[in-house]
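Shown next, in C-alpha coordinates, is the structure this report addresses.
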Amino acid sequence: MAVNPEDFFNPAMLDQPRDTKNSKVGSNVTNINVINFPGLNTLGISLARIDYGPLGVNTPHIHPRATELLTVLEGTLYLGFVTSNPNRLFSRVVKKGDVFVFPKAMIHFQMNLAHDKPAAALSSLSSQNPGVISIANAVFGSNPPISDDVLATAFQVEKKLIDWLQSQFWENNHY
(Lines give C-alpha, C1' and ligand atoms only; values in the text may rest on other atoms or scores of the structure.)
Protein backbone atom coordinates (compact mmCIF):
# COMPACT_ATOMS: atom_id res chain seq x y z
CA MET A 1 0.00 0.00 0.00
CA ALA A 2 1.38 3.41 -0.98
CA VAL A 3 1.79 6.04 1.71
CA ASN A 4 0.80 9.62 0.91
CA PRO A 5 0.91 12.97 2.74
CA GLU A 6 -2.80 12.74 3.64
CA ASP A 7 -2.05 9.69 5.83
CA PHE A 8 -0.33 12.07 8.28
CA PHE A 9 -3.25 14.49 8.72
CA ASN A 10 -6.63 14.01 10.36
CA PRO A 11 -9.21 16.83 10.48
CA ALA A 12 -10.45 15.47 13.81
CA MET A 13 -11.93 18.74 15.11
CA LEU A 14 -11.10 17.67 18.66
CA ASP A 15 -11.82 21.23 19.80
CA GLN A 16 -15.52 20.59 19.11
CA PRO A 17 -17.73 19.02 21.82
CA ARG A 18 -19.51 15.83 20.77
CA ASP A 19 -23.17 15.00 21.41
CA THR A 20 -23.85 13.05 24.62
CA LYS A 21 -27.63 13.44 24.74
CA ASN A 22 -28.33 10.30 22.69
CA SER A 23 -26.07 8.12 24.82
CA LYS A 24 -27.58 5.88 27.52
CA VAL A 25 -24.44 6.42 29.60
CA GLY A 26 -24.08 10.14 28.91
CA SER A 27 -20.68 10.08 27.22
CA ASN A 28 -19.16 10.01 23.77
CA VAL A 29 -15.62 8.88 22.94
CA THR A 30 -13.96 10.08 19.74
CA ASN A 31 -11.00 7.85 18.92
CA ILE A 32 -8.02 8.90 16.81
CA ASN A 33 -6.09 5.70 16.10
CA VAL A 34 -4.49 3.82 13.22
CA ILE A 35 -7.92 2.76 11.96
CA ASN A 36 -8.92 6.34 11.07
CA PHE A 37 -5.43 7.92 10.96
CA PRO A 38 -3.03 5.68 8.97
CA GLY A 39 -0.02 7.90 9.74
CA LEU A 40 -0.03 6.51 13.30
CA ASN A 41 0.93 3.04 12.04
CA THR A 42 3.94 1.69 13.98
CA LEU A 43 4.25 4.89 16.08
CA GLY A 44 2.78 3.47 19.29
CA ILE A 45 0.48 6.42 20.04
CA SER A 46 -3.19 7.36 19.72
CA LEU A 47 -5.60 9.88 21.13
CA ALA A 48 -9.22 10.10 22.26
CA ARG A 49 -11.54 12.93 23.22
CA ILE A 50 -14.16 12.01 25.81
CA ASP A 51 -17.24 14.19 26.22
CA TYR A 52 -19.45 13.75 29.27
CA GLY A 53 -22.95 15.08 29.68
CA PRO A 54 -24.13 16.05 33.17
CA LEU A 55 -23.49 12.98 35.37
CA GLY A 56 -22.24 11.17 32.25
CA VAL A 57 -20.09 8.07 32.66
CA ASN A 58 -17.37 6.51 30.57
CA THR A 59 -18.25 3.04 31.84
CA PRO A 60 -15.72 0.55 33.23
CA HIS A 61 -13.49 -0.70 30.43
CA ILE A 62 -9.93 -1.74 29.62
CA HIS A 63 -7.42 -1.05 26.88
CA PRO A 64 -5.65 -4.40 26.44
CA ARG A 65 -2.73 -2.89 24.52
CA ALA A 66 -2.19 0.55 26.10
CA THR A 67 -1.60 2.74 29.11
CA GLU A 68 -3.82 5.84 29.10
CA LEU A 69 -2.88 9.35 30.21
CA LEU A 70 -6.04 11.44 30.70
CA THR A 71 -6.06 15.25 30.86
CA VAL A 72 -9.21 17.03 32.03
CA LEU A 73 -10.11 19.79 29.55
CA GLU A 74 -13.27 20.99 31.26
CA GLY A 75 -15.26 20.09 34.38
CA THR A 76 -14.73 17.83 37.37
CA LEU A 77 -14.48 14.05 37.07
CA TYR A 78 -14.52 11.17 39.51
CA LEU A 79 -12.28 8.49 38.04
CA GLY A 80 -10.33 5.44 38.99
CA PHE A 81 -8.93 2.04 38.16
CA VAL A 82 -8.92 -1.35 39.87
CA THR A 83 -5.73 -3.33 40.28
CA SER A 84 -5.57 -7.07 39.83
CA ASN A 85 -5.45 -9.30 42.92
CA PRO A 86 -6.09 -7.85 45.33
CA ASN A 87 -8.82 -5.85 43.60
CA ARG A 88 -7.90 -2.43 44.96
CA LEU A 89 -9.59 0.75 43.72
CA PHE A 90 -7.38 3.78 43.09
CA SER A 91 -9.75 6.72 42.60
CA ARG A 92 -9.70 10.47 42.72
CA VAL A 93 -11.68 13.59 41.91
CA VAL A 94 -9.87 15.61 39.23
CA LYS A 95 -10.54 19.02 37.72
CA LYS A 96 -9.62 21.07 34.65
CA GLY A 97 -5.90 20.82 33.94
CA ASP A 98 -5.32 17.71 36.08
CA VAL A 99 -3.71 14.58 34.63
CA PHE A 100 -4.31 10.95 35.69
CA VAL A 101 -2.76 7.72 34.39
CA PHE A 102 -4.55 4.39 33.93
CA PRO A 103 -2.05 1.50 33.71
CA LYS A 104 -2.27 -0.87 30.76
CA ALA A 105 -5.13 -3.39 30.87
CA MET A 106 -6.57 -2.18 34.20
CA ILE A 107 -10.35 -1.73 34.50
CA HIS A 108 -10.99 2.01 34.68
CA PHE A 109 -13.82 4.56 34.44
CA GLN A 110 -14.69 8.26 34.62
CA MET A 111 -17.82 10.14 35.70
CA ASN A 112 -18.75 13.81 35.35
CA LEU A 113 -19.74 15.00 38.83
CA ALA A 114 -21.68 18.06 37.63
CA HIS A 115 -25.46 17.78 37.55
CA ASP A 116 -25.82 20.75 35.20
CA LYS A 117 -22.64 21.09 33.08
CA PRO A 118 -20.77 18.96 30.57
CA ALA A 119 -17.14 17.91 30.99
CA ALA A 120 -14.42 16.88 28.55
CA ALA A 121 -11.07 15.10 28.62
CA LEU A 122 -8.29 14.20 26.22
CA SER A 123 -6.61 10.81 26.50
CA SER A 124 -3.22 9.88 25.12
CA LEU A 125 -2.69 6.15 24.68
CA SER A 126 0.55 4.20 24.29
CA SER A 127 -0.54 2.20 21.24
CA GLN A 128 -1.66 3.09 17.73
CA ASN A 129 -4.43 0.50 18.27
CA PRO A 130 -5.13 0.32 22.03
CA GLY A 131 -8.37 -1.63 21.76
CA VAL A 132 -11.25 -1.24 24.18
CA ILE A 133 -13.29 -3.83 26.06
CA SER A 134 -16.32 -2.39 27.84
CA ILE A 135 -16.88 -4.64 30.83
CA ALA A 136 -20.71 -4.63 30.92
CA ASN A 137 -20.92 -5.04 27.14
CA ALA A 138 -18.47 -7.94 27.16
CA VAL A 139 -20.09 -9.77 30.06
CA PHE A 140 -23.79 -9.17 29.36
CA GLY A 141 -23.88 -8.29 25.67
CA SER A 142 -21.61 -10.87 24.04
CA ASN A 143 -22.80 -12.70 20.94
CA PRO A 144 -23.44 -15.52 21.47
CA PRO A 145 -24.22 -14.77 25.12
CA ILE A 146 -22.24 -16.20 28.02
CA SER A 147 -24.31 -18.91 29.71
CA ASP A 148 -26.65 -17.50 32.35
CA ASP A 149 -25.60 -20.41 34.58
CA VAL A 150 -22.00 -19.24 34.43
CA LEU A 151 -22.90 -15.59 35.08
CA ALA A 152 -25.38 -16.40 37.89
CA THR A 153 -22.66 -18.38 39.65
CA ALA A 154 -19.97 -15.75 39.01
CA PHE A 155 -22.12 -12.86 40.29
CA GLN A 156 -23.92 -15.00 42.91
CA VAL A 157 -27.36 -13.84 41.81
CA GLU A 158 -30.46 -15.54 40.43
CA LYS A 159 -30.60 -16.46 36.75
CA LYS A 160 -33.63 -14.20 36.26
CA LEU A 161 -31.46 -11.15 36.97
CA ILE A 162 -28.82 -12.36 34.50
CA ASP A 163 -31.50 -12.97 31.86
CA TRP A 164 -32.82 -9.44 32.40
CA LEU A 165 -29.32 -7.92 32.17
CA GLN A 166 -28.60 -9.85 28.98
CA SER A 167 -31.86 -8.60 27.45
CA GLN A 168 -30.85 -4.94 27.79
CA PHE A 169 -29.42 -3.01 24.88
CA TRP A 170 -25.70 -2.63 25.61
CA GLU A 171 -24.44 0.60 24.08
CA ASN A 172 -20.97 1.25 22.72
CA ASN A 173 -19.89 4.84 23.35
CA HIS A 174 -16.39 4.33 21.88
CA TYR A 175 -16.58 5.46 18.25
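The values are calculated or read from the model by the stated rules, or taken from the named source; none is laboratory data. Being a predicted model, the structure only gives us computed values, none of them experimental. When we count neighbours, we look across all protein chains shown, and the Cβ atoms used for this are built from the backbone with ideal geometry, even at glycine. To get the accessible areas, we keep the full protein, side chains included, count just its heavy atoms, and leave off ligands, DNA and RNA. Shrake-Rupley method; radii C 1.70, N 1.55, O 1.52, S 1.80 Å.
See the values below:
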{"read-out": "Top-ranked residue in the stretch 1-32 [being open to solvent by 60 Å² or more (accessible area, probe 1.4 Å) and in contact (Cβ under 8 Å) with a residue 60 or more places away in the chain; ranked as nearest to Gly80 (Cα to Cα)]", "value": "Lys24"}
{"read-out": "Condition check for Asn172: outside any strand (DSSP E or B), at pLDDT 95 or above and open to solvent by 40 Å² or more (accessible area, probe 1.4 Å)", "value": "no"}
{"read-out": "Number of the condition not met by Gln156 [criteria: (1) polar (S, T, N, Q); (2) on the phi > 0 side of the Ramachandran plot; (3) buried (at least 17 other Cβ atoms within 10 Å of the Cβ)]", "value": "(3)"}
{"read-out": "In the stretch 33-84, residue farthest from Pro118 (Cα to Cα) [restricted to those that are among the hydroxyl-bearing types (Ser, Thr, Tyr) and open to solvent by 20 Å² or more (accessible area, probe 1.4 Å)]", "value": "Thr42"}
{"read-out": "Test: residue in the stretch 14-25 that is on the phi > 0 side of the Ramachandran plot and either aliphatic (A, V, I, L, M) or touching a Ser or Thr at 6+ places or on another chain (Cβ under 9 Å) (or both)", "value": "no"}
{"read-out": "Condition met for Ala105 (in contact (Cβ under 8 Å) with a residue 24 or more places away in the chain and either open to solvent by 70 Å² or more (accessible area, probe 1.4 Å) or over 27 Å from Asn22 (Cα atoms) (or both))", "value": "yes"}
{"read-out": "Condition met for Asp116 (open to solvent by 60 Å² or more (accessible area, probe 1.4 Å) and either farther than 22 Å from Val139 by Cβ or within 12 Å of the chain's Cα centre (by Cα) (or both))", "value": "yes"}
{"read-out": "Residue tally, condition part of a loop (DSSP other than H, G, I, E, B) and either outside the structural domain of Met111 (by the TED database) or over 20 Å from Leu14 (Cβ atoms) (or both), over the stretch 68-92", "value": "6"}
